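Reading through the structure tokens given below for one structure.
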4 protein chains.
Amino acid sequence: MNDSIQFLTQKICSFRDARDWRQFHSPKDLAVAITAEAGELLQHFVWKTPEQSEARVVDRKAEIAAEIADVAILLMEMAEVSGVSLGDAVAAKLALNEERYPAAKARGSNQKYNEL
Amino acid sequence: MNDSIQFLTQKICSFRDARDWRQFHSPKDLAVAITAEAGELLQHFVWKTPEQSEARVVDRKAEIAAEIADVAILLMEMAEVSGVSLGDAVAAKLALNEERYPAAKARGSNQKYNEL
Amino acid sequence: MNDSIQFLTQKICSFRDARDWRQFHSPKDLAVAITAEAGELLQHFVWKTPEQSEARVVDRKAEIAAEIADVAILLMEMAEVSGVSLGDAVAAKLALNEERYPAAKARGSNQKYNEL
Amino acid sequence: MNDSIQFLTQKICSFRDARDWRQFHSPKDLAVAITAEAGELLQHFVWKTPEQSEARVVDRKAEIAAEIADVAILLMEMAEVSGVSLGDAVAAKLALNEERYPAAKARGSNQKYNEL
């Protein structure tokens with residue numbers, strides 16, 4: 001399977017353009033849709049304990065996979081509309097996180113980098 | 001650049017495991033972080049018109065790229081923790097969207113598939 | 001102190017109208033702002049355990065109060081713009097919840113009503 | 001009708017305590033539920049123009065009223081759990097907004113106070 005972000009982004013944008021949807025998909029509208037879909041994913045875990053959430057992703061795997069995919073598709077389009085290479089942006093952020101959270105200092109802690 | 005989702009997911013999970021963070025990264029906690037980061041992305045567009053949002057992604061490209069990357073990184077980890085292949089899930093959802101939104105019927109409309 | 005929702009809603013809408021902001025405050029834009037502010041509230045608890053969150057609201061009480069107030073102000077305006085009496089809507093929902101979650105059945109359970 | 005925030009908060013907390021739900025309702029879990037419900041409200045407006053959203057709140061008034069009420073109920077409980085008087089917090093924020101957004105300067109502008 002070809003799971004390159006660039007390849008998937010092209011498929012997503014072809015789908016959009018074949019329907020003439022760019023007019024509705026402003027950066028704002030994409031951010032709105034991303035947040036609304038993230039909210040649907042979050043719905044699965046409302047009032048659940050972290051432990052119960054581990055079971056939930058097993059029991060409802062197909063639904064949760066679909067929610068994750070919804071967010072991912074919109075996010076790839078958001079990057080395209082913003083002129084951002086998502087692969088590069090992810091790589092850059094991972095490099096920054098390496099600096100912010102040195103393994104020796106951050107191990108076993110759930111503090112934010114500016115509180116470590 | 002290698003922008004395969006599987007490759008990036010491995011980097012993300014190695015980073016997490018080197019810090020012993022899986023204990024904090026339950027599916028629920030990942031969904032919470034995804035939604036909170038989506039909210040940061042959305043902040044850029046509060047009260048803005050769709051047209052103003054097109055200018056915003058130009059003026060604040062680096063910040064917005066970083067917000068998109070934050071969501072993407074968490075989403076790839078969420079998929080991993082849920083036992084989901086994100087590439088496959090995206091491909092499956094795109095195929096479903098092709099069925100739900102036939103180009104001839106959906107062109108130029110912002111209605112949901114169940115309202116088309 | 002006068003903490004009636006109707007009284008506070010009038011103050012909020014007077015503030016808005018004195019600035020001629022109704023033009024920017026469509027129902028959609030209010031829902032966007034509500035979600036973005038809810039995201040800021042949620043930020044306080046990312047990666048935290050439920051127990052740590054009990055301490056957080058003590059340590060950061062003023063900040064958290066301000067975030068809660070931001071959501072509340074927008075929500076009261078959202079109700080006004082939607083022609084909804086928020087007090088009535090809350091009372092109606094509480095009555096519905098009494099039906100959906102009979103105390104005898106729901107006690108000590110974190111299941112949703114349709115899963116009880 | 002009694003629409004005082006304090007009165008409604010007492011009803012909400014009595015409902016919760018009759019079901020022994022405080023154990024599930026940590027500040028974090030309340031923030032999660034608030035954000036998830038805000039996301040449901042936002043769902044009504046995904047891909048819609050601001051103008052279409054004005055029609056939506058007329059056409060779907062009952063549903064939207066219920067979503068707004070869901071957020072409001074959780075927000076009042078969040079304040080209680082955080083030891084915050086929501087009425088006071090709202091009044092304090094309105095006073096701050098008066099300072100941040102002087103009517104003469106903010107009239108007709110959708111800029112944030114720090115960008116005015």
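The values are calculated or read from the model by the stated rules, or taken from the named source; none is laboratory data. Remember, it's a predicted structure, so these values are computed and weren't measured experimentally. We place every Cβ from the backbone using ideal geometry, glycine too, and count neighbours over all the protein chains shown. Calculation scope for accessible area: heavy atoms of the full protein, side chains included, ligands and nucleic acids excluded. Shrake-Rupley method; radii C 1.70, N 1.55, O 1.52, S 1.80 Å.
The percentage of C-alpha pairs in region D:27-68 whose separation is greater than 15 Å is 46%. Between the helical axis of D:50-59 and the longest alpha-carbon principal axis of chain D there is an angle of about 40 degrees. Counting only lysines at least 8 places from D:Lys61 when in the same chain, those with an alpha carbon closer than 18 Å to its own are C:Lys28, C:Lys93, D:Lys48. Simple spin-label estimate for B:Gln111 and C:Arg60 gives 4.4 nm between the two label positions (7 Å along the Cα-to-Cβ direction from each Cα). Ranked from shortest, the separations from the 7 Å Cα-to-Cβ label point of D:Arg60 to its equivalents in the other copies are 2.0, 2.6, 3.1 nm. Taking the protein heavy atoms of chain A in the context of the full set of protein chains, the accessible area attributed to carbon and sulfur is 50 percent at 1.4 Å. How much of the pair distance distribution for region C:1-108 lies past 16 Å, counting alpha-carbon pairs only, in percent? The calculated P(r) of region C:1-108 puts 69 percent of pairs beyond 16 Å. How large is the charge dipole for chain C, taken about the Cα centre, if only the Cβ atoms of Lys, Arg (+1) and Asp, Glu (-1) carry charge, to the nearest 20 debye? In total the dipole reaches around 240 debye. Rounded to the nearest 100, the interface formed by chains A and B buries 5900 square angstrom of accessible surface, both chains summed, with a 1.4 Å probe. Across region B:104-115, computed HN-Hα scalar couplings (Karplus, 6.51 cos²θ - 1.76 cosθ + 1.60, θ = phi - 60°) run 4, 8, 8, 4, x, 10, 9, 7, 6, 4, 7, 10 Hz from first to last residue, x flagging Gly and Pro. Take the Cα pairs of the protein assembly as shown, get the Kirkwood Rh, then feed it into Stokes-Einstein at 4 °C and 1.567 mPa s and tell me D in µm²/s. Value of D from the Cα-based Kirkwood radius: 57 µm²/s. Across the identical copies, the 7 Å label point of A:Lys105, projected outward along Cα→Cβ, sits 3.7, 5.4, 5.6 nm from its counterparts, in ascending order. Helix D:27-43 and the longest principal axis of the Cα set of chain D meet at an angle near 50°. Taking 12 Å as the straight-line reach from the Cα of A:Lys11, the aspartates and glutamates in range (excluding those fewer than 8 positions away in the same chain) are A:Asp3, A:Glu77, A:Glu80, B:Glu98.
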